[in-house]
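Derivation of every value follows stated rules applied to the coordinates shown; laboratory data play no part. Worth saying up front: this structure is predicted, and the values here are computed from it rather than measured. Reconstructed Cβ throughout: ideal geometry from the backbone, glycine too, with neighbour counts over all protein chains shown.
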Amino acid sequence: MTAAKPGDELSLRMWAAELEAAATIARQLAPTAFLPETLRRYLLDDKGRVLDGKDGRPASLDLDATTATAAAAILTGQELGLKPMASLRSIAVINNTPALAALTLRAILQNAGHDIWVAESTETRAVVRARRAGTEDVQQSIWALDRARTLGLYPGSERGQWRRQPQSMLVARATAEASRWIAADAILGIPYVAEELIDQLEEGAAPLHALEGAPAADGDGHAPAAKAKRTRRKTPARPPALPAGPPLPAATEPLPPEPEPDMIGKPQLDRLHAGLREIGKDDRETALPLISQWAGREPGNEITTTTELTAQEASRVLDALDAIRSIARTEEATPDEP
């Protein structure tokens, strides 16, 4: 048994103080729209179902469980080098398993000094290359639709992510694989990306932004009453096995035509331009690079006009704008410390 070191007790006390501070932040944010749905927890009945209340009353947020989950996400993000709000946006809990978005995973590795980049990205193939800091060897992960089909991922359910946005799913899979090869230590026990866990959700189950069919909460920590019956999984799916090994042989059957993604609508465009004016970034030369970055566009694929954004990209951009405006209002309302 290893003997305790003189600084261990102090270190644990400091960590406990950080946990208390994270819980304070999490409890304040729990009833707000800034807490993602994957971190929310709702009161359940004795059969594990979300309590919808009587007479059409909405389900109630389990504030203690939500606070604990959000606090754990904040502390996990702190170990990965993320600030509290970035942790809440970037760490999702899907099927009771924490996961990072592929874009966040690349950012963490680059912040740690490793090199990782998308060398190729199309609707049918993604190539991600990575190099560990201090080495010259470049690892390359290749994911194609043929490989996804062989593993039973593609085409998936009718409304699934593989059918709707195969390009993003291929990049996510290749990013996760390359990251695990060259920098498993930088991920600190979060080996999955959210896109991998989405594959495990059964057809008809809740999407990434929802938890076990629970509706989104309002400012008082209550979810609106359901208007239609929700489909729930009878048993939670197990986390997937980590992918490894070279790509499998390509299938011979032709690929089906790919559906076009939903594009940005007028309500999102209006909110986007209003938000840019509020933060003083409404000129074209300044706004377009920022929007491309917030939308997650890779270098060489930047937008030239806001109408090129998909509805999903527009949602990410609006989230970033809301966060910036919230921080600005907080700084204006808080006097500077001496």
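Ranked by how many other Cβ atoms sit within 10 Å of their own Cβ, fewest first, the residues E177, E123 fall in the order E123, E177.
Charge dipole of the range 268-332 (Cα centre as origin; +1 on each Lys and Arg Cβ, -1 on each Asp and Glu Cβ, all else neutral): 80 debye, rounded to the nearest 20. Among I324, I108, sorting on how many other beta-carbon atoms sit within 10 Å of each Cβ, with the fewest leading, yields I324, I108. Structural descriptor for the range 15-198: relative contact order 19 percent, calculated from alpha carbon pairs under 8 angstrom and at least 6 residues apart.
Normalised by the number of residues in the range 266-328, the mean separation of alpha-carbon contacts (under 8 Å, six or more apart) gives a relative contact order of 44 percent.
Residue exposure proxy: H273, H114, ordered by other Cβ atoms within 10 angstrom of their Cβ from fewest to most, comes out as H273, H114.
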